[in-house]
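Everything below concerns the one structure shown next.
Throughout, read-outs are computed from the coordinates displayed, never taken from laboratory work. Values in this document were obtained by computation on a predicted structure and should not be read as measured data. All Cβ positions, glycine included, derive from the backbone under ideal geometry; neighbour counts span all protein chains shown.
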Amino acid sequence: MTGDRRPGALVLADGEVFEGDVVGARQSGALTAGEVVFNTVMTGYQEVLTDPSYAGQIITFTYPHIGNYGVTGADFESRRPFCRGLVVRDLVTTPSNWRADGRLDHFLVRHGLSCLTGIDTRRLTRHIRSAGAMVGAFGTAPEADLRAAAAAEPGTDGVDLVAAVTCDRPYHWSTTRADGRAPWRVSVVDFGVKTSMLRRLAAFAHVEVVPACFGAKSILARRPHGVLLSNGPGDPAAVQGAGDVISGLLGAVPVFGICLGHQLLAATLGGETFKLPFGHHGGNHPVRHLASGDVEITSQNHNFSVADSGAGSVEVTHRNLNDGTVEGLRSLEVPAFGVQHHPEAGPGPHDSDYVFANFDTWLRELHGSEPDGAGFGGDGDLEPGAPGPAHG
């Protein structure tokens, strides 16, 4: 592996070609294939690259200069990047920031990622917006090989990507509440959870993260006060076993879903999901909170959305102001709600951070003012506060 620049190109499934230079790791076969999406954040590229929700995807950053402030171990959202690669206009190799402990191009080599740089990312973004998200392949291979790889790439539709990103055994995040109250016990079903989400929950809860395949009976046996269904990658309809797990939790314990967790919750309540034309990826998406009328600027990362039809006894609580899609819902029959956007941000604005405070208040209203002291346990736990298999 090396960080030198080699002439290369990106070829999309519809035949569009973008020529540039390839940097980062030298891939086996001299190419990288995946679903090409674009993200509009101006900062937070390391958090984006290490967000497990990008599994199976090639990330195009619309902001022209990526790598300006380097990388740091403090900004990982998971144990490693799960995306396939990245595309940028200008990859900066001389970062300047007091927090930096390395360069982005060296980070790419270390994690086996390639980057196509030097292309017109505005043209690529406009093409995806017009033609829709599509698969592609980039690298130093001949154009014919790139075309063949793009044609053979399955994309994310119908693929269970959660199995590749979830943890393999339970682990804990401990907390001591600033207000002196005992923390709640919250189980997090890991469909691809971000570290910043766990940090935010740990402000008021003792968190136990469990694998996506953990059964509802096993979760309930650990006596959580609430369950968070985390974010994660890909098509919600393809996540094996999620509906059975969530069905077993609904009505037995309060359930809160974020992003993919929100989609899986909606599907379990009878709703339908569908793929967006080019997804929502960025830190500047306006969402209206319908009860208050307030508009929040939110962080988003999803290619699928919840349809308005299908689910009964469900109230829509938030809507995206760009395209009118569902951004939040709550059940009218059982204690369960979800949001499509990312209230934990990382990166992004914190307008919707109140959702976590609402979850804390909701648990207090449902369970009383003080948690009991029993719960959590079982085989496979790590020491409280230790990084789990998905975070290091």
Task: Against the rule of thumb 2.2 N^0.38 Å, how large the Cα Rg of the stretch 183-225 comes out - done: 1.11
- [ ] Find the relative contact order for the stretch 293-356 and round it to a whole percent, using C-alpha pairs within less than 8 Å whose residues are 6+ positions apart.
- [x] 36
Task: Local electrostatic count, residue 155, Cβ distance below 15 Å [Lys/Arg +1, Asp/Glu -1] - done: -4
Task: CD proxy at 222 nm, helix term only [per DSSP H run n ≥ 4: -39500 (n - 2.57); per residue of the chain; nearest 500] - done: -5500 deg cm²/dmol
- [ ] Rounded to the nearest 10 degrees, what's the angle between the helix 143-152 long axis and the longest principal axis of the chain, both from Cα atoms, 0 to 90?
- [x] 30
Task: Cut-off 20 Å, label 7 Å out along Cα→Cβ of residue 19, residues of the stretch 97-127 by amide N - done: 115-125, 127
Open item on the list: If I take R0 = 25 Å and measure r between the Cβ atoms of residue 274 and residue 332 in this structure, what FRET efficiency does the formula 1/(1 + (r/R0)^6) give, to the nearest 0.05?
Closed with: 0.65
TODO: Please report, in debye to the nearest 20, how large the charge dipole of the chain is about its Cα centre when each Lys and Arg carries +1 at its beta carbon and each Asp and Glu carries -1 there.
DONE: 500
Task: Overall dimensions of the stretch 6-152 by Cα: Rg and Dmax, Å - done: 14.1, 44
Open item on the list: Can you tell me what share of the DSSP beta bridges in the stretch 6-152 is antiparallel? A percent to the nearest 5 is fine.
Closed with: 60
- [ ] Can you find, among 265, 252, 172, the residue farthest towards the positive end of the dipole of the chain? Put +1 on the C-beta of Lys and Arg, -1 on that of Asp and Glu.
- [x] 172
Task: Given 14 as the ceiling on other Cβ atoms within 10 Å, longest exposed-site-free region of the chain for trypsin sites (Lys or Arg not before Pro) in DSSP loops - done: 182-392
- [ ] Return, ordered by residue number, the residues of the stretch 57-88 whose backbone nitrogen is under 13 Å from a label point located 7 Å along Cα→Cβ of residue 168.
- [x] none
- [ ] Quick one: check the C-alpha center-to-center distance for the stretch 209-251 versus the stretch 19-74, whole angstrom.
- [x] 29
TODO: Search the structure for amide H atoms under 5 Å from the amide H of residue 350, placed 1.01 Å from N in the peptide plane, and list their residues when 5 or more places away or on another chain.
DONE: none
- [ ] Putting +1 on Lys and Arg Cβ atoms and -1 on Asp and Glu Cβ atoms, find which of 347, 328, 234 reaches farthest to the positive end of the dipole of the chain.
- [x] 347
Open item on the list: Using the basic label-point model (7 angstrom from Cα toward the beta carbon), what is the residue 97 to residue 284 distance in nanometres?
Closed with: 1.8
- [ ] On a 0 to 90° scale, report how tilted helix 354-367 is relative to the longest principal axis of the chain, with both axes built from alpha carbons and the result rounded to the nearest 10.
- [x] 30
Task: Over 24 Å [Cα-Cα, the stretch 86-207], rounded percent - done: 57
TODO: Multiply the residue separation of residue 223 and residue 43 by 0.36 nm, subtract the distance between their alpha-carbon atoms, and state the gained length in nm to one decimal.
DONE: 60.9 nm
Task: Folded to 0 to 90 degrees: helix 121-131 orientation relative to the chain principal axis, Cα - done: 70
Open item on the list: Let's test the formula: R0 of 22 Å, r as the Cβ-Cβ distance of residue 178 and residue 365. What FRET efficiency results, to the nearest 0.05?
Closed with: 0.65
Open item on the list: Per q in 0.08 Å⁻¹, report the Debye log10 I(q)/I(0) for the chain, using one uniform scatterer on each alpha carbon and no solvent.
Closed with: -0.40
TODO: Using Cα pairs closer than 8 Å and at least 6 residues apart in sequence, work out the relative contact order for the chain, in percent.
DONE: 17
